[in-house]
Each structure stands twice: as C-alpha cells, then as structure tokens.
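Reading through the structure tokens given below for one structure.
The values are calculated or read from the model by the stated rules, or taken from the named source; none is laboratory data. Here the structure is a predicted model, which means the values were calculated and not measured. Counting neighbours? That spans all protein chains shown, and the Cβs are built from the backbone with ideal geometry, glycine included.
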Protein chains: 2
Amino acid sequence: MIQSVDRAIRILGVLQGARRLSLSEVASRLELPPSTVHGILKTLQAHGMVVQDRDSTRYQLGPAVLKLGNVYLDTLELRSRAVTWSEELARRSGHAVRTGVLTFDEVVIIHHEPRPDGSRQMPEVGIVIPAHASALGKALLAFLPEQVDELTGDKLRSMTSETLVDPAVLRAQLAEVAKEALATEREEAVLGEAGIAAPIFDASGVAVGAIGIVLPAADWPPAESSFTAVREAARNISRELGAPRWPVPA
Amino acid sequence: MIQSVDRAIRILGVLQGARRLSLSEVASRLELPPSTVHGILKTLQAHGMVVQDRDSTRYQLGPAVLKLGNVYLDTLELRSRAVTWSEELARRSGHAVRTGVLTFDEVVIIHHEPRPDGSRQMPEVGIVIPAHASALGKALLAFLPEQVDELTGDKLRSMTSETLVDPAVLRAQLAEVAKEALATEREEAVLGEAGIAAPIFDASGVAVGAIGIVLPAADWPPAESSFTAVREAARNISRELGAPRWPVPA
DNA sequence: GAAACCCATTCGGCATCGTCGAATGGTTCT
DNA sequence: AGAACCATTCGACGATGCCGAATGGGTTTC
C-alpha cells in the first residue's frame with residue numbers, strides 16, 4: 001500500500017462525504033498535518049480531480065472524477081445488457097428498475113430506468129446503498145459468501161427502524177435468498193420504499209451484479225408477475241453474459 | 001506535485017483511454033517499471049478505484065470512480081439549476097440539451113436532457129468533448145481568456161474535416177462569440193451534428209458553464225427562436241446563480 | 001508432453017521523495 | 001487597528017516508495 005496514494009484517495013473520500021471543505025478541515029478529519037494534505041491536494045487539483053472555489057479557499061471534487069465515472073460505465077458489459085432488459089422490466093412491472101454492482105459493503109447503481117409513467121425522476125446512477133439494506137445487495141451477497149465475511153463488526157449500519165442490523169439475521173435471510181434467487185427489501189434503506197431483486201451471473205458463474213425494481217412500500221406486495229419479471233430479466237442478462245445456468249449456486 | 005499521486009492519476013488516465021489493460025501494458029505506456037506500477041495499482045484496487053478481471057490479470061476502472069462522479073454532480077449548484085431550465089429549453093427548441101463545464105481543454109457534460117420526441121437516447125453525462133470543437137466549449141472560452149492561452153501548441157486536435165485547428169482562427173471566432181454571447185458549431189466534433197450554446201455566469205461573474213442544444217447538421221440553420229431560447233436559458237440559470245448581469249464581459 | 005517463454009507478483013536495499021514543523025503572508029473578525 | 005486564523009511555502013530529516021532481481025504460475029510452442 002503506497003502511503004501517499006492511499007492518503008490521496010482518502011482525501012477524495014472525505015470530500016465525497018462533505019461536499020466542500022477547507023484545507024484544515026480535510027487535514028483534521030484525516031489527522032494529518034495541513035502541509036502534507038496541501039501537497040496531495042495540489043496534485044489532485046493539477047489533474048482536475050479536485051477544484052477549489054473561486055474564493056480560493058475551499059476544495060471540492062472536480063470534473064475529472066465525472067469523466068472517469070462515465071468511462072467506467074462504458075467498460076461494463078453488464079451495463080449495456082442491463083439497458084436493454086431494464087426497459088422491458090420497467091414496462092412489465094410498471095416500476096422503476098435499478099441495476100447495481102457490489103463494492104465492499106455497498107451497492108453502486110450502474111443503471112436506472114425510470115418508472116414508465118412518464119413522470120420526472122432523478123437519475124440514480126452512481127448512488128450507493130449499503131448492501132445489507134437493499135434487495136440488490138442481498139441478491140448479490142447471497143451468492144458471494146466470501147463478501148459476507150467482510151461485513152465488519154457485529155452490528156450493521158442502521159438506516160431505518162427496519163434495517164437488519166444483526167449479521168446473524170442477515171445470514172439467515174441470505175440463505176433464503178440463495179434458495180429462491182430472489183431478494184426483497186421493505187423500508188430497510190429508505191422509509192416508504194421497497195424492492196425486489198435477482199442476481200446476475202457472468203460467464204464464469206460469478207455473481208457480478210443484480211437487477212431489481214423499486215416500488216412504494218404502500219404497494220407491497222406487488223403482483224406475482226413482477227417477481228417473475230425480475231427473475232426473467234436477471235436470467236436473460238446472465239445468459240447474454242455467457243452464464244452457464246441460472247441461478248449459479250454459490 | 002507528489003510523484004506517486006501523480007502517477008496514480010496517470011494510471012487512471014491510461015485505464016480511461018484503454019478500457020482494459022494488463023500490468024505490463026500500463027507500465028510500458030507510462031514508461032515505468034512494472035513493479036512500481038504494481039504497487040500503485042494495488043493501492044487503487046484496495047479502494048475500489050480499479051478492479052481486476054476474474055481471470056486475475058487485466059485491470060480496469062472500478063465502481064468507486066462512479067460513486068465519486070455522482071457526488072461531484074450533487075455538489076454542483078450549476079447542475080441543479082440546469083436540470084430545471086433544460087427541460088424548458090428542450091421543449092421550446094425541440095432538440096436535445098447539454099450543459100457542460102470546462103476542464104483544461106475539454107468540456108465535460110454535467111447534464112443531458114434528451115430530445116422531447118420520446119425516442120430512446122443514450123445518456124451523455126460524463127462524456128468529454130474538446131473545447132475548441134464544441135459550441136459549449138467556445139461559449140466558455142470566449143469568456144475565459146486565460147484558459148485560451150493554455151490551449152497548447154500551434155495546432156489544435158482535429159476531430160473532423162470541419163474542426164478549427166488553427167488557434168488564430170479560433171481566437172477570431174471567440175471574439176465574435178464574446179460579442180453575441182452565443183457560440184455555434186457545425187460538424188466540428190462529430191459529423192452530422194451541430195450545436196448552439198451560451199455561457200453561464202456565477203455570482204462573481206465568472207463563466208462557470210455553458211448550456212446549449214444539439215441538432216442534426218441537416219437541420220441547420222435552426223429556427224430563430226432556438227437561438228433566443230438558448231440565450232434565455234443561460235441568462236435564467238446565471239440569474240439564479242446570482243450573476244450580476246448577462247453576459248458578463250470577459 | 002516437456003520445455004521455454006511471458007507475465008504478474010514479491011522482496012529488499014538504496015536513495016529519493018514525501019513528510020512535517022516552522023515561517024510567511026494574506027484575510028477576516030473583534 | 002490589532003489579533004487570530006488559515007492557506008501556502010520552504011527546507012532538512014529520514015521514512016518511504018522505487019526499482020532490479022528473483023519467484024512462481026500459466027500458456028504457448030515444438
């Protein structure tokens with residue numbers, strides 16, 4: 001682990017959490033001398049990874065990170081497949097569709113298909129949700145046992161009163177998810193929101209993502225056909241990625 | 001400039017240009033020993049900035065960069081304003097709308113409003129276009145003279161046969177753009193595509209972005225009302241950002 | 001089927017490069 | 001007007017990253 005690179009990424013992480021920070025604020029959060037942080041910050045700035053406000057004092061993320069993010073999406077074969085099938089899934093279910101991948105203990109949304117009712121909705125690509133509190137995350141974790149072990153501590157982060165905070169309870173639920181290859185979530189991440197998701201496998205049989213629908217908690221349970229539609233979308237994408245079967249047992 | 005941080009970002013840049021590379025490929029492109037690159041790559045990997053393929057050999061960008069990109073968008077006040085007015089501009093003009101910011105010699109798209117005809121269009125957020133070959137870029141450069149000086153060399157990068165490659169010609173055109181606060185582009189970046197754009201100013205009177213429409217080159221010239229609509233969108237967003245007037249002379 | 005090659009990764013010593021304390025200069029608050 | 005704060009610069013020390021060489025796994029070649 002190269003120290004200065006590690007620190008640089010930690011600086012980006014701090015700026016990610018708090019949109020706009022002064023040098024000394026960044027330094028104190030990382031418990032590093034301001035001059036050390038300054039050197040790294042200037043290097044990041046020279047590449048457009050961070051920019052400083054016009055009043056020349058506070059720092060924030062820069063346009064270069066957006067460029068990187070877009071290229072990441074383009075390299076993902078999963079995403080291009082998801083785009084096609086999300087449309088059908090949204091139409092069949094009448095709900096918004098999300099596709100996500102796992103990073104450490106979080107799910108990052110790589111595609112978002114708005115509800116087909118034509119209403120205006122915020123694009124959600126790039127947002128992250130704790131894996132243990134989302135249907136997408138549970139669908140992935142159920143088929144990635146070694147990732148589950150990495151969930152640190154004996155208490156998971158609570159988002160709402162419904163969030164599963166006990167790792168043992170989560171594990172039990174994941175065992176159920178693995179059987180059906182279908183995960184659900186009811187107000188565990190966001191109050192008023194529920195979801196269904198199924199895992200997507202690649203050619204080597206690894207769970208590389210998950211696709212699912214998001215619906216108002218008030219509409220629970222959704223029509224039986226929605227469950228089927230989610231599973232079929234996941235199966236179809238997996239097939240296009242070359243998966244030998246669906247689901248692929250963990 | 002911290003050497004290892006600089007190298008880390010350069011590695012990300014290389015992976016950005018070529019989606020998937022082996023360690024030795026990255027090393028040779030940067031003219032660095034493989035072992036040096038390896039250490040940095042492993043640090044980036046530990047943070048999810050890069051991931052390696054399942055066959056454990058090639059590297060590519062990771063989900064963490066997408067997360068960063070999304071947070072960057074959220075921190076931009078310009079973006080939230082642009083969302084509102086883009087919708088109106090798309091409706092009035094009948095064309096797709098783009099909003100962008102300048103990084104060095106490129107424009108990064110921070111918002112994209114699809115053509116209002118309901119057809120399916122790829123989201124373009126995060127794509128980059130050489131500033132000198134786009135209406136958005138020209139609208140920005142015309143009000144940022146010091147940025148123009150940074151355009152390196154005596155020959156600008158050519159994208160199509162119409163691209164302005166002579167800096168002198170570009171400067172002359174930018175002088176015109178500055179007068180009208182309206183820039184145009186015809187097949188200079190992409191064959192078959194033309195655009196109109198106007199600059200957006202913030203509270204301190206600095207050009208922080210540009211908004212414009214994209215249309216098929218065959219539809220040139222667009223209706224006079226489209227020119228007006230672009231200028232009004234730029235003026236409205238600038239006002240919301242606290243700009244003292246519009247345009248703000250460079 | 002064996003051998004040779006290529007490539008990712010690991011290791012350790014040397015010197016470089018990053019780190020940090022202190023000094024500077026500018027800006028804001030009292 | 002003074003004081004306090006903060007971003008930034010500078011320089012010396014030494015910890016740290018750099019790189020050449022060694023290792024080992026995997027794939028191609030003959």
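If we scan the stretch B:123-135, do we find a residue that is charged (D, E, K, R) and away from chain A (no Cβ under 14 Å)? Talk me through it step by step, then tell me what you get.
Filtering the stretch B:123-135 for residues charged (D, E, K, R) gives B:124.
Within this subset, residues satisfying the condition of being away from chain A (no Cβ under 14 Å) are none.
No, because not a single residue in the stretch B:123-135 is charged (D, E, K, R) and away from chain A (no Cβ under 14 Å).
Conditions (1) out of contact with any Leu (no Cβ under 8 Å at 6 or more places or on another chain); (2) more than 10 Å from every other protein chain (Cβ to nearest Cβ); (3) at positive phi; (4) within 14 Å of DNA strand D (Cβ to nearest atom), marked per residue:
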{"position": "A:Val14", "(1), (2), (3), (4)": "no, yes, no, yes"}
{"position": "A:Pro33", "(1), (2), (3), (4)": "yes, yes, no, yes"}
{"position": "A:Val37", "(1), (2), (3), (4)": "no, yes, no, yes"}
{"position": "A:Val51", "(1), (2), (3), (4)": "no, no, no, yes"}
{"position": "A:Arg58", "(1), (2), (3), (4)": "no, yes, no, yes"}
{"position": "A:Ala82", "(1), (2), (3), (4)": "yes, yes, no, no"}
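Would you mind finding the one in A:Leu136, A:Leu102, A:Leu76 that is of a type in the set (A, V, I, L, M), surrounded by 21 or more Cβ atoms within 10 Å (Cβ to Cβ) and closer than 25 Å to A:Glu224 by Cα?
A:Leu136
Being under 22 Å from the mean Cα position of the chain (by Cα) and within 9 Å of chain B (Cβ to nearest Cβ) is the requirement here; does A:Leu89 meet it? Give the derivation first.
Working: under 22 Å from the mean Cα position of the chain (by Cα): yes; within 9 Å of chain B (Cβ to nearest Cβ): no.
Answer is no for this residue.
Identify all residues within the stretch B:44-89 that are in contact (Cβ under 8 Å) with a residue 40 or more places away in the chain and either within 17 Å of B:His111 (Cβ to Cβ) or within 14 Å of DNA strand C (Cβ to nearest atom) (or both); write none if there are none. So that I can check it myself, show each step before the final result.
Keep residues of the stretch B:44-89 that are in contact (Cβ under 8 Å) with a residue 40 or more places away in the chain, which gives B:59-61, B:65, B:69, B:73, B:77-78, B:81-82, B:85-86, B:88-89.
Those that are in contact (Cβ under 8 Å) with a residue 40 or more places away in the chain and either within 17 Å of B:His111 (Cβ to Cβ) or within 14 Å of DNA strand C (Cβ to nearest atom) (or both): B:Tyr59, B:Gln60, B:Gly69, B:Leu73, B:Glu77, B:Leu78, B:Arg81, B:Ala82, B:Trp85, B:Ser86, B:Glu88, B:Leu89.
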Check: Which of (1) within 27 Å of the chain's Cα centre (by Cα); (2) more than 10 Å from chain A (Cβ to nearest Cβ) is the odd one out, the single condition B:His47 does not satisfy?
Finding: (2)
Check: Counting just the residues of the stretch A:1-18 that are surrounded by 15 or more Cβ atoms within 10 Å (Cβ to Cβ) and closer than 16 Å to B:Thr75 by Cβ, which one comes out farthest from DNA strand C (Cβ to nearest atom)?
Finding: A:Gln16
Check: Out of the stretch A:193-230, which residues are assigned to a helix (DSSP H, G or I) and either surrounded by fewer than 24 Cβ atoms within 10 Å (Cβ to Cβ) or without any contact (Cβ under 8 Å) to a residue 40 or more places away in the chain (or both)?
Finding: A:Ala217, A:Ala218, A:Asp219, A:Glu224, A:Ser225, A:Ser226, A:Phe227, A:Thr228
Note to self: Among the residues that make up the stretch A:19-31, is at least one of them surrounded by fewer than 16 Cβ atoms within 10 Å (Cβ to Cβ), more than 10 Å from DNA strand D (Cβ to nearest atom), away from every other protein chain (no Cβ under 12 Å) and not in a helix (DSSP H, G or I)?
What the structure shows: yes
Item checked: Failed item in (1) of a type outside the set (A, V, I, L, M, F, W, C); (2) touching a strand residue (DSSP E or B) at 6+ places or on another chain (Cβ under 9 Å); (3) modelled with pLDDT under 95; (4) within 17 Å of A:Met49 (Cβ to Cβ), with B:Asp74 passing the rest -> (2)
Next item on the list: Within the stretch A:39-49, work out how many residues are surrounded by fewer than 20 Cβ atoms within 10 Å (Cβ to Cβ) and within 11 Å of DNA strand D (Cβ to nearest atom).
Entry: 3
Next item on the list: Give the residues of the stretch A:20-43 that are closer than 23 Å to B:Leu76 by Cα, without any contact (Cβ under 8 Å) to a residue 40 or more places away in the chain and away from DNA strand C (no atom under 12 Å from the Cβ), sorted by residue number.
Entry: A:Leu21, A:Glu25, A:Val26, A:Arg29
